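Please treat every number below as a calculation from the coordinates, not as lab data. These figures come from a predicted structure and were not determined experimentally. Positions of Cβ are backbone-derived with ideal geometry, glycine not excepted, and every protein chain shown enters the neighbour counts.
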Amino acid sequence: MEHPAYTLEPFKDAAYTGWRGRLGEFGHTTVQRRNGTPGAHRGFAELFGERLPQAEFSGLGSGFPSLAEGRLSIDGEEVTLRRNARAFRKDARALKLEHRGRTRSYTSLGLGKGARLAHDGVEIIVVPGSPEAPRDRSRRTVTVSGPADAVDLALALLFEAVDTSALTLGGTLATTPFTLVRPHPRNGGYE
C-alpha cells in the first residue's frame, strides 16, 4: 500500500525561517521559527494551517528553540513532554507527547536524517529532501501511514523548527553531564 507523501518548501524572511506546503486534505500549512534575537534566552516555533490546530513551542535557545525547558501547546492547551535525557537506546530517548489522553512518541532517525511520530497504528515520518530533488535537503518530505489526524500532523511538523539533537545518541552523550548536574524534569531529566 502506498502512503501519501507531501513536500514542504523552505522559506526565510527578516523575522522567520521555516517551511510551507500543502498537506492534502489538511490544506496549506506553515511551520516556522523566529530568527535569533540578540540577548534572547528562549526560542519560539509555531505551526498554523487551514485544517491544522495552532501549535506553539518555546525552549531555551536564541531563535532555534531546544528541548531544554521546552513548553508545547496545541490550540492554547498544554501538551505534556517527557523524555529520558540519559537513555542510550533510541526508543528510550524518544520524546513522549501527552495530549487529551493520547501519548505519541517522537523519535529522531539520526542527526540530519529526519524524525518519526507514532502511536496506535499511525506513523508520520519527516525527512530532509524530496522525491523531485533528493539532494535538496532544505525541503521536507512528509510521509503519513495510518489514520493520522490534524494533531498528529501538527506535532510531527512543529518539531522541524525545534532543535531535537538531544534525541540523538550524540546529543545524549553531549548533554548527559548537564543533566547529571541539573536533573530537573523540564530540562529532560528523569521524572
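Descriptive notes on the structure:
- Considering all different alpha carbon pairs of segment 121-169, the Kirkwood hydrodynamic radius works out to 11.9 Å.
- Intensity falloff of segment 27-67 expressed as log10 I(q)/I(0), Debye formula with alpha-carbon point scatterers, at q = 0.27, 0.29, 0.31, 0.33 Å⁻¹: -0.80, -0.86, -0.93, -1.00
- Shape summary: segment 49-157 maps onto an equivalent ellipsoid whose semi-axes, from the alpha-carbon gyration tensor, are 21, 18, 16 Å in decreasing order.
- Net length gained if the chain between residue 96 and residue 145 were fully extended (0.36 nm per residue, minus Cα distance): 15.7 nm
- Cβ-Cβ FRET estimate between residue 165 and residue 51, R0 fixed at 30 Å, reported to 0.05: 0.45
- Directionally averaged projected area (convex hull, Cα atoms, segment 1-97), nm²: 8.3
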